[in-house]
1. From the residues in the range 39-53 that are assigned to a helix (DSSP H, G or I) and among the charged types (D, E, K, R), which one is surrounded by the fewest Cβ atoms within 10 Å (Cβ to Cβ)?
2. Quick one: count up the residues across the range 54-63 that are basic (Lys, Arg) and in a loop (DSSP other than H, G, I, E, B).
3. Can you tell me which residue is nearest to ARG50 (Cα to Cα) among those in the range 17-38 that are touching a strand residue (DSSP E or B) at 6+ places or on another chain (Cβ under 7 Å) and outside any loop (DSSP other than H, G, I, E, B)?
4. Residue under question is ILE30, and the condition is that it be touching a residue at least 40 places away in the same chain (Cβ under 8 Å), touching a His at 6+ places or on another chain (Cβ under 9 Å), more than 21 Å from LEU167 (Cβ to Cβ) and surrounded by 15 or more Cβ atoms within 10 Å (Cβ to Cβ); does it hold?
5. Would you point out which residue out of SER6, SER95 is exposed (fewer than 14 other Cβ atoms within 10 Å of the Cβ) and either on the phi > 0 side of the Ramachandran plot or touching a Phe, Trp or Tyr at 6+ places or on another chain (Cβ under 7 Å) (or both)?
6. If VAL68 passes every condition in (1) more than 22 Å from SER169 (Cβ to Cβ); (2) touching a helix residue (DSSP H, G or I) at 6+ places or on another chain (Cβ under 7 Å); (3) part of a helix (DSSP H, G or I) but one, which one does it miss?
Amino acid sequence: MLGRFSPFYRGHQAQVDLMIRERGLNNCMILVGSSNSYNPRTPFTYEQRREIIKQIYPKMKIVPLPDVNPALVYFDGSTNEKWLEEIKKLERNMSVKFLFYGGSREDLAILATRFETKIAASRYGDPTLRSATEVRKALDNHDTEKLEQFLDARTIPLIIKYYKVFLKSLSNSGA
């Protein structure tokens, strides 16, 4: 599974759970995209996101996948081909064939041009599975009730802690 996981929430977890059930943990891997980005849309470092995910899946293989252009906060399609080639290179280096799980056809559209994909837990049903953007809004609003709906209890303390670190870095940079 590939995502930014900013942060890792119940929607991601439902997809990973299905992936593990279908493929077995030894055949699963999480690629943390935007591993070299740190901005309002990706307010957690790669190391922080890895630590958060390991709270739920301590034995999961987790691999960083840097952005081709880390300055892009919102992707505009200009780096898609380079990005896909980096993923293909990783697939070749690992001598495996990737199958990507995701929450919607839209989420998987770019990957589907080069890889097999599968819609796992749909983001269009259960509101707690929709988007990490909702989690970031709940963090901004200090909405504990929503955080408890969106996040696995094991991850909440770390996510709050690291989000505060991010906010402090913004205030220190004058942003």
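Any read-out appearing in this document is the output of simple, stated calculations on the displayed coordinates, not a laboratory observation. Because the structure is a prediction, the values reported are computed rather than measured. Glycine gets a Cβ as well: all are built from the backbone with ideal geometry, and neighbour counts include every protein chain shown.
1. It comes out as GLU47.
2. Here the count works out to 1.
3. Residue satisfying both the conditions and the ranking: VAL32.
4. For ILE30, the condition - touching a residue at least 40 places away in the same chain (Cβ under 8 Å), touching a His at 6+ places or on another chain (Cβ under 9 Å), more than 21 Å from LEU167 (Cβ to Cβ) and surrounded by 15 or more Cβ atoms within 10 Å (Cβ to Cβ) - is not met.
5. After ruling out the rest, the residue left standing is SER95.
6. Looking at each condition in turn, VAL68 falls short on (3).
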